[in-house]
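Structure, as structure tokens:
The values are calculated or read from the model by the stated rules, or taken from the named source; none is laboratory data. None of the values given here were measured: they were computed from a predicted structure. In this analysis, Cβ positions are derived from the backbone assuming ideal geometry, glycine residues included, and neighbour counts consider all displayed protein chains. These accessible areas exclude ligands, DNA and RNA; they are computed on the full protein's heavy atoms, side chains included. Shrake-Rupley method; radii C 1.70, N 1.55, O 1.52, S 1.80 Å.
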Amino acid sequence: MIESFHTRIPTLTEAELREYLRNHLAYQRAAVEAALAELQQRGIVVPDEARQQLLAALHRRDSAQMEGTWSRRLLGAAPEPRRTHVRLLTAAILLVGLGTAVAIHRIAQPKAPNPLGYEPEDTKKYLRELERVGGKANVVATQFMRWFDGLWQGQQLATTTAALTLGLAAGFWFVASPPPDGRGP
């Protein structure tokens, strides 16, 4: 069973408890507070000024860690400014992504027709050979690869870009928005 500091603190010597106070930034706030309480219970006086400085330093450390997250720095910690920033960034993602999709759609050239007049990969003979060599899974895999490759070319790339933009914007909105109760992320 893992021993918590609550069970460990009462068993420590005075010197070990004072180490919690000397090196307070290396420990959790609750562990340092438990060490202070244990010293007080043993009748060892810790001056109020030293206690206040210690707790203030722990508070600054904990606040800096909370403010240091990228989402709090970028979006803000308070619910209302955060909602505004999330809306603006979501709108920017949509504007850039959908604008790019429109630009791709306008400049994309249609696929050049095959000089044979047909695609050899679409013939029954080709599909029969694929199935003979690798089975139905080979046919399905080949068709999937052709479809997937087509997503990244020509005007289909514009549709792919628009779909990815909508997915990215929705994902960002879902992850970055504060919950409705306003407690923050």
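If you take the residues in the range 46-80 that are in a loop (DSSP other than H, G, I, E, B) and surrounded by 10 or more Cβ atoms within 10 Å (Cβ to Cβ), which one is modelled with the lowest pLDDT?
Thr69
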Quiz item: Say we look at the range 83-131 and pick out the residues that are assigned to a loop (DSSP other than H, G, I, E, B) and touching a residue at least 24 places away in the same chain (Cβ under 8 Å); which of these is most open to solvent (accessible area, probe 1.4 Å)?
Solution: Lys111
Exercise. Could you tell me which residue of the range 76-122 is farthest from Ser63 (Cα to Cα), considering only residues that are within 22 Å of the chain's Cα centre (by Cα) and of a type in the set (Lys, Arg)?
Key: Arg87
Practice problem: Identify the single condition in (1) open to solvent by less than 50 Å² (accessible area, probe 1.4 Å); (2) small (Gly, Ala, Ser); (3) within 16 Å of Ala103 (Cα to Cα) that Ser177 does not satisfy, given that it satisfies every other one. | Solution: (3)
Self-check item: Selection from the range 1-42 of residues that are of a type in the set (Val, Ile, Thr) and farther than 12 Å from Leu54 by Cα
Solution: Ile2, Thr7, Ile9, Thr11, Thr13
Self-check item: Residue list for the range 1-26, filter: modelled with pLDDT under 85 and part of a loop (DSSP other than H, G, I, E, B)
Solution: Met1, Ile2, Glu3, Ser4
Self-check item: Hits in the range 132-146 (condition: part of a helix (DSSP H, G or I), under 43 Å from the mean Cα position of the chain (by Cα) and more than 28 Å from Leu157 (Cα to Cα))
Solution: Gly134, Lys136
Practice problem: Please identify the pairs in which a residue from the range 20-42 that is of a type in the set (Gly, Ala, Ser) has its Cβ atom under 7 Å from the Cβ atom of a residue that is open to solvent by 40 Å² or more (accessible area, probe 1.4 Å) and outside any loop (DSSP other than H, G, I, E, B), counting only partners at least 6 apart or on another chain. | Solution: Ala31/Phe5; Ala34/Phe5; Ala34/His6
Quiz item: Is it true that some residue in the range 139-150 is farther than 30 Å from Arg106 by Cα and either acidic (Asp, Glu) or open to solvent by 50 Å² or more (accessible area, probe 1.4 Å) (or both)?
Solution: yes
